[in-house]
Each structure stands twice: as structure tokens, then as C-alpha cells.
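Report on one structure; see the data block that follows.
The values are calculated or read from the model by the stated rules, or taken from the named source; none is laboratory data. The model shown is predicted, which means the values in this text are computed figures rather than measured ones. Methodologically, a virtual Cβ is constructed for each residue, glycine included, from the backbone with ideal geometry; neighbour enumeration extends over all protein chains shown.
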Amino acid sequence: MTAQYVIVGSGIVGLYTTYCLINDAKVSSSKLTVMAEYLPGDESINYTSPWAGGNFSCITPNDADTLRFDKLTYTHLAIIQAKLGGPKCGLDTKPSSEYWDFYPGDEKINSLKSYLKDLVIVPKDQLPVGTVFGIKYTTWDFNCPLFLANFKEYFESIGVTFIKKKLTHISQAYLPKTKVVFNCTGIGSFSLSGVKDSKVYPTRGQVVVVRAPHIQENRMRWGEDYATYIIPRPYSGNQLVLGGFLQKDNWTGDTFGDQTKNILKRTTELMPEILDRPLEILRVAAGLRPSRQGGPRIEVERVENKLLVHNYGASGYGYQAGFGMSHKAVGLYIKEKAILARF
Ligand SMILES: Cc1cc2nc3c(=O)[nH]c(=O)nc-3n(C[C@H](O)[C@H](O)[C@H](O)COP(=O)(O)OP(=O)(O)OC[C@H]3O[C@@H](n4cnc5c(N)ncnc54)[C@H](O)[C@@H]3O)c2cc1C
């Protein structure tokens, strides 16, 4: 193990970053070390990735960077799926419908039109009551815990090292031969010394997981101050994830009965077919989306004669935009390395 490249964080953003280092920067896998307090298979309120729904949806903001991150990720996922052995890795396509209580904006819709598979605009007379716009298309669904585990297993099979370690300062990530550290610590960037980014805050979500073999499609509804979503989990024994909440600055990992009732009410109104079979609740869970004022931080810092590349703040879209974020982070590293090589 030479650990020339250390990726701190083993959430979806750290794993996409590892992938881009191998595929964009052509770094040999044996030089890569992923270091994290929590690894795939672990559960903690400080480890967001296992708690995601998770699918590709219209949750992202309409700025040019994020629209590009979405597009890059959506169009690259088939390659990742193939490398990990096909849909059984926990990543599959399924139909999706999304409805808004407001018009989502031309930037978003024009961008989606350029790449979404099977996209159709829902005719006005077919919209659910209270909504003004809708689309249908083929989306990506993740079985998040399974996908994380398979991504890690794939990396280990090609020689990437994983180390379980909690850092109190980012400088602890530099091992004797390390040239560059990628900081992919998500919500951890709020408290990790050497980073301590006060712009980072949680957007708490709660989900209810039910068993529903009869539901094989996604359905989402976006309001001004709420999000209701229904996401089937591929290769999970027919689990269906029902959500949710977007609670800013709420740090609790506890779950609440009134929120469970509220989620069940909204999701069964949006998709009454859920109740075609008796409701079987498997689990209620909460997670903290790693949000950041001004959006994700993707930038390079020089720390003495070494590099620190930040890639965190994926909020509610780490799975669907994180490949694009990581492609940018690794691209910045390649540029900075070329500048340093001139001196
Ligand atoms: C309810 C819910 C639903 C969601 N649904 C979706 C969805 O449908 N689609 C989608 O794209 N996204 C969704 N998200 C968002 C998605 O889960 C996040 O964007 C993503 O998981 C963030 O990944 P990350 O790698 O940045 O952070 P994390 O997964 O939190 O990983 C951080 C890593 O850094 C490590 N770390 C942190 N601090 C330290 C330290 N001091 N020392 C060592 N290691 C450290 C942790 O151990 C961990 O390995 C959802 C989130 C929630 C909560």
C-alpha cells in the first residue's frame, strides 16, 4: 500500500471520487486509499449515504453547475452499473413521474430534455389535483446500502485499500507518501478541524420503508415547502421507500410518529395503489443531507507542498449528481498538478 492518494470519506461522493481518479486521472488503484470513520455496511446518523431513497429526480437546483452534474451522472451510470456486474449491484432503471405545484423553470426542463430517456410532458388534464406541471421518464433507482457495498467490493477487487479511521484534523489523512487528499466528508466537514466549514448544515429527512411488490415505479411531488416521494429499491425484496421531509438545520437522527403518519398520508394520496395490499412497514429512518450555503464546495487548496481537494456539500443529490461533482474535483486536481509540475 503506497497511499499516494487518500480519499477521506466512504459515502457515495468519496466512492465516485475514487472512481474518477482511476478513470479520469488514470491513477493506479494500488495507489489509492479510502479512509473513513464509517464504511459501507456501517450505519450512523453521521454517515448519510445509506439513508438515501435514492433515485435520480428533479430535487436539484437550477444553476448551471448542478444541471451539468446531474446530466453527467445520469448519462454515466450505465457504465458504472456494467462495471459492477449489472442491475444486481443495486442500481437499476424504472419509470418515474414527477409533479410540481409550481412551474419548475425553463432551465431545468430544457436541460432534462437534452438527455432523459423516454421523457414526456404530462398533458394538463392528466395532472394530479393541485399540480401545474408534470413529466414522465425512465430514471435510475439505487438500493443505497447494497450499491455502496458493491462499489467498495469492486474497488477492493482492483486493489484500492480501505482504512477505518476517525480523523480529528484533516492533516491526519496525509500518510508518509501522500501527495493529495480528497476531502469527501459530507456533514463531517462542519466539525473536522482544518476544514470546519460553518456554511455546512444538515437538511434532515425521514423515510418509511414498506414492502410493496406491486409498486415498480417512482412518483414524486414537489411543493414550495415540501417534497413527497415514492421510490422502489432495486434488488431489496420489494422494498418501497416513502418520504419525506426537508428540515433545515435539524441535527436529530431520531424518528417521529407524527412524521411517519404524515408521510403515509401524502404518499398514499399521491399513489393510492400502495394500499392495494395491506401496508407492511419494515422500518422508519432519518438521515442528514449534507447541505451547504452557496452549494457544494469543489475546490483545490495548497497545504504546504501538498494538495487538498474538497468535494462535499451534495445535500439531497449525492447519488444523482455526485459523479459530476467528482469529475469536476478530479479535473481541478489534474490542472493544479500540471501547474505545480512547471515549478
Ligand atoms: C432521507 C434522504 C433521502 C435522500 N434521497 C436521495 C436521493 O433519492 N437521491 C440522491 O441523489 N441523494 C439522496 N439523498 C442525499 C444523499 O444521501 C447525500 O447527498 C449523500 O449521501 C452524501 O454523500 P457524502 O459521501 O457526501 O456523505 P456521507 O455519506 O455522509 O459520507 C461521509 C463520509 O465521510 C466520513 N467522515 C466524515 N467525517 C469524518 C472524520 N472526521 N474522520 C473520518 N471520516 C469522516 C464518514 O465516515 C463517511 O464515510 C438523500 C438523503 C437523505 C437523508
Can you name the condition, by its number, that residue 42 falls short on among (1) without any contact (Cβ under 8 Å) to a residue 12 or more places away in the chain; (2) farther than 22 Å from residue 335 by Cβ; (3) more than 9 Å from the ligand (Cβ to nearest atom)? (3)
Single residue of segment 68-111 satisfying the filter (more than 18 Å from the chain's Cα centre (by Cα) and among the hydrophobic types (A, V, I, L, M, F, W, C)) that is farthest from residue 17 (Cα to Cα): 102
(1) over 26 Å from residue 88 (Cα atoms); (2) surrounded by fewer than 15 Cβ atoms within 10 Å (Cβ to Cβ) all hold for residue 262 apart from (2)
For segment 167-225, name all the residues that are basic (Lys, Arg) and closer than 19 Å to residue 263 by Cα. 204, 211, 219, 221
I need every pair where a residue in segment 321-339 that is without any contact (Cβ under 8 Å) to a residue 40 or more places away in the chain has its Cβ under 6 Å from the Cβ of a residue that is in a helix (DSSP H, G or I) and crowded, with 20+ Cβ neighbours inside 10 Å, sequence separation at least 6 or different chains. none
All strands (runs of 3 or more DSSP E) inside segment 120-218 with 1 or more residues being at pLDDT below 95: none
Could you check segment 16-31 and list, in sequence order, the residues that are within 11 Å of the ligand (Cβ to nearest atom) and of a type in the set (Phe, Trp, Tyr)? 16
Checking the conditions here, which among 32, 67 is in contact with a Ser or Thr (Cβ under 7 Å, 6 or more places away or on another chain), farther than 17 Å from residue 314 by Cα and among the aliphatic types (A, V, I, L, M)? 32
Wholly within segment 226-343, which strands (runs of 3 or more DSSP E) include no fewer than the required count, namely at least 1 residues that are touching an Asp or Glu at 6+ places or on another chain (Cβ under 8 Å) and closer than 25 Å to residue 9 by Cβ? 227-232, 280-292, 297-303, 306-312
Residues located in segment 269-312, provided they are of a type in the set (S, T, N, Q) and within 11 Å of the ligand (Cβ to nearest atom): 291, 311
Kindly indicate whether any position in segment 290-310 is touching a residue at least 12 places away in the same chain (Cβ under 8 Å), crowded, with 21+ Cβ neighbours inside 10 Å and out of contact with any helix residue (DSSP H, G or I) (no Cβ under 8 Å at 6 or more places or on another chain). no
Residue satisfying condition, being touching a strand residue (DSSP E or B) at 6+ places or on another chain (Cβ under 9 Å) and near the ligand (Cβ under 6 Å from one of its atoms), within set 13, 6, 34: 13
Working only within segment 52-70, note down all residues that are in contact (Cβ under 8 Å) with a residue 60 or more places away in the chain and either small (Gly, Ala, Ser) or more than 14 Å from the ligand (Cβ to nearest atom) (or both). 52, 53, 54, 57, 63, 65, 68
